[in-house]
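Chemist: Below is a structure I'd like to ask you about.
The values are calculated or read from the model by the stated rules, or taken from the named source; none is laboratory data. Computed from a predicted model, the values in this text were never measured in an experiment. Glycine also receives a Cβ, built like all others from the backbone with ideal geometry; neighbour counts cover every protein chain displayed.
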């Protein structure tokens, strides 16, 4: 692998580690296919479909991104 690609990957991984959370979970067989089908109907990727679904539920409960980020900043 060329050096410039390795450096780019290191930078991207560092940025993701600092700015993103990763969540892995298991679902019943067939759920992934259902999600992919629904995402395709909306013209988006499955990961975006899942993100939107989660954000909609969080919004419904009044848990908005800005509130959580402010609370985390207070803890530091």
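Chemist: Could you list, ordered by first residue, the pairs with Cβ atoms under 9 Å in which the first is in region 13-32 and surrounded by 10 or more Cβ atoms within 10 Å (Cβ to Cβ) and the second is at pLDDT 95 or above, at least 6 apart or interchain?
Modeler: Matching pairs, first to second residue: 32/46.
Chemist: Quick check on region 24-39. Is at least one of its residues outside any loop (DSSP other than H, G, I, E, B), over 18 Å from the mean Cα position of the chain (by Cα) and over 28 Å from residue 65 (Cα atoms)?
Modeler: Scanning region 24-39, I find at least one residue that is outside any loop (DSSP other than H, G, I, E, B), over 18 Å from the mean Cα position of the chain (by Cα) and over 28 Å from residue 65 (Cα atoms), so the answer is yes.
Chemist: Would you pick out the residues in region 40-56 that are part of a helix (DSSP H, G or I) and over 19 Å from residue 22 (Cβ atoms)?
Modeler: Selection gives 40, 41, 42, 56.
Chemist: Looking at residue 71, is it modelled with pLDDT under 95 and either in a helix (DSSP H, G or I) or touching a strand residue (DSSP E or B) at 6+ places or on another chain (Cβ under 9 Å) (or both)?
Modeler: Yes; evaluated as a whole, the condition is true for this residue.
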